[in-house]
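The values are calculated or read from the model by the stated rules, or taken from the named source; none is laboratory data. Remember, predicted model here, so these are calculated numbers, not experimental data. Note: ideal-geometry Cβ built from the backbone for every residue, glycine included; neighbour counts use all protein chains shown.
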Amino acid sequence: DPNAPKRGLSAYMFFANEQRENVRDENPGISFGQVGKILGERWKALNDKQRAPYEAKAAADKKRYEDEKQAYQVSTDVYYP
């Protein structure tokens, strides 16, 4: 359903969205796959304290999704698990 709310992003996705341009700037001409590999390595290198802001964003986005999903289900009488 194109009108259904979008799912929440993961902590990694918030990190990747924030860091993607930095990786491209630091590595001109890099392929899409290589960008993903570098982002994954950088994510794995973060400690819990460094991950905390992204985890908080993910938790807030999950709450947003749950609230929007519930409102959407009520307005359309459609159930999404």
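For the residues GLN34, GLN70, GLN50, the requirement of being of a type outside the set (Ser, Thr, Tyr) and either modelled with pLDDT under 95 or more than 18 Å from ASN17 (Cα to Cα) (or both) singles out GLN70. So which of ASN3, ASN17 ends up being of a type outside the set (Asp, Glu) and in contact (Cβ under 8 Å) with a residue 24 or more places away in the chain? Result of the check over ASN3, ASN17: ASN3. Note on segment 1-31: among residues that are within 30 Å of ALA71 (Cβ to Cβ) and more than 14 Å from the chain's Cα centre (by Cα), the one that is modelled with the lowest pLDDT is ASP1. Of the set (1) within 15 Å of the chain's Cα centre (by Cα); (2) modelled with pLDDT under 95, all apply to SER75 but (1). Counting only residues that are more than 14 Å from MET13 (Cβ to Cβ) and basic (Lys, Arg), how many does segment 32-63 have? Number of matching residues: 4.
So that you can scan it fast, the table gives a plain yes or no per residue for (1) β-branched (Val, Ile, Thr); (2) farther than 30 Å from SER75 by Cα:
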site	(1), (2)
ASN3	no, no
LEU9	no, no
VAL23	yes, yes
VAL35	yes, yes
LYS44	no, yes
ARG51	no, yes
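The chain holds helices (runs of 4 or more DSSP H) entirely within its bounds, and those carrying 3 or more residues that are small (Gly, Ala, Ser) and surrounded by 12 or more Cβ atoms within 10 Å (Cβ to Cβ) map to 48-76.
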